[in-house]
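The values are calculated or read from the model by the stated rules, or taken from the named source; none is laboratory data. Nothing here was measured: the structure is a model prediction, and the numbers come from that model. Note: ideal-geometry Cβ built from the backbone for every residue, glycine included; neighbour counts use all protein chains shown.
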Amino acid sequence: MPHMWYTSYMNIIVIAPTIFAADRGTPMRIVNEVKTLAMQNDSVTVLTYGIGDTPKGLQKNILVKRIPSFTPWKNTLKVGFSWYKIIADMLLFVMTLFSLRSSQVVHAHLHEGIIIAWFVSKILFWKKITIIGDLHGGLVEEMSAPWLHFCESWIHTLSDKVAVSSFELATYVENDRKDKAVFIPDMQTVIPQVQSGLLDISQDKKVIVYTGAFRKDRGIELIWEAMKNIRRSDVHWVIAGSPGSSLQIPESIPSSRYTIVSPLHKNELAHVLAIANVALDPKPAGSLQGSGKIANYVAAGIPTVAFFSKTNEWYMGSSDLLAKSSKDFFSNIEKALDVPQKKPPVIEVSMLLDSLYKDVC
């Protein structure tokens, strides 16, 4: 791994206004970036919410500081507006204010983290704090209100540099900035490994998997349509993710053709990736978000079907299995069933983070 030029004296504050951590996209992206930064710097201090379990295997130079846990009955967060987040972000602001002693660099995740970092930088103006924003999607994508467009554009301008999780988000953010956003891809979070006795699926079946949120904006309804369209007797579907309580599978699909895994933890995900012959990401092409699931699929060498986007093409190395319509998506699944697994590409995130910090530090 390349040695970063600022290694000998850099101390970084990471603002993570989310659950830290959980086996899902945003928290795992933050964990992986924190680990990568810690390999190159003196210390990384993560400021985060009071909920979540501190990941195992963090380097000794990573310190996790949490706001008080004022809701002991709460152990997860839903996407979108939450009164918990309003209170938690105010507490996170105070913690950040008193944590910037020897640090002058703040890596702020999500829109809320950038706002917190910006206000702290104005109060502690003499410290000349450098803010690196890290956006994982669009604010307006998750919450719809007219005033949010103005707010989002303002937030895009607050950091000295901005990292993004997709090329589509980079273009979106650059409309409000004079410089370029830096694409930092999601990384592999799970190593495929068969777990004995975990799922009872016949070995003569070809397994098609979806892992992720059971939500309309993630394309879950397209999975049901695919299952209706593809009726091969040698295929078994594994639908893994959460929340299971919201899952509404059409009655026309026989239960013998699929297996539901919910909730999905690392052990289950490792097994699902190990047995998969084809993987799916039905997220709409217009999404600004990156795709942690595609990072895991590709790293495991699994033929992956998704919709065409510059980011998806970057991960997969070609557009052969990228669809431009629902009809393409279904036909590409059939095509993928006969595609052998590929040698996974090497994604060097440390070099990209290096370029991001080198411009401002």
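Laid out as a table, the results:
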| item | result |
| --- | --- |
| Pairs with Cβ under 8 Å, 6+ apart, first in the stretch 113-125 and farther than 15 Å from S103 by Cα, second of a type in the set (V, I, T) | G113/I15; I114/I131; I114/I155; I115/I155; I116/I15; I116/T96 |
| Subset of the stretch 291-326 [over 15 Å from the mean Cα position of the chain (by Cα), outside any loop (DSSP other than H, G, I, E, B) and within 19 Å of V235 (Cα to Cα)] | T304, V305, A306 |
| Every residue from the stretch 12-38 that is more than 25 Å from M90 (Cβ to Cβ), at pLDDT 85 or above and of a type outside the set (V, I, T) | M28, N32, K35, L37, A38 |
| Yes/no for D42 being at pLDDT below 90 and in contact with a Ser or Thr (Cβ under 8 Å, 6 or more places away or on another chain) | yes |
| Qualifying residue in the stretch 233-245 (condition: within 23 Å of L337 (Cβ to Cβ), at pLDDT below 95 and of a type in the set (D, E, K, R)) | yes |
| Every residue from the stretch 171-229 that is out of contact with any Asp or Glu (no Cβ under 9 Å at 6 or more places or on another chain) and on the phi > 0 side of the Ramachandran plot | G197 |
| Of residues in the stretch 245-262 being without any contact (Cβ under 8 Å) to a residue 40 or more places away in the chain, surrounded by 14 or more Cβ atoms within 10 Å (Cβ to Cβ) and of a type outside the set (S, T, Y), the one nearest to I220 (Cα to Cα) | I249 |
| Enumeration of residues in the stretch 276-285 that are within 19 Å of K324 (Cα to Cα) and part of a loop (DSSP other than H, G, I, E, B) | P282, K283, P284, A285 |
| Residue check for S159: without any contact (Cβ under 8 Å) to a residue 60 or more places away in the chain, of a type in the set (S, T, N, Q) and in contact with a helix residue (DSSP H, G or I) (Cβ under 8 Å, 6 or more places away or on another chain) | yes |
| Single residue of L273, L264, L288, L356 found to be in contact with a Lys or Arg (Cβ under 7 Å, 6 or more places away or on another chain) and either assigned to a helix (DSSP H, G or I) or not assigned by TED's automatic domain parsing to the domain that holds T26 (or both) | L356 |
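Yes/no per residue for (1) buried (at least 19 other Cβ atoms within 10 Å of the Cβ); (2) farther than 28 Å from G286 by Cβ; (3) of a type in the set (G, A, S):
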site: K85; (1), (2), (3): no, no, no
site: A88; (1), (2), (3): yes, yes, yes
site: L97; (1), (2), (3): no, yes, no
site: S102; (1), (2), (3): no, yes, yes
site: L110; (1), (2), (3): yes, no, no
site: W118; (1), (2), (3): yes, yes, no
site: K122; (1), (2), (3): no, yes, no
site: T130; (1), (2), (3): yes, yes, no
site: G137; (1), (2), (3): yes, no, yes
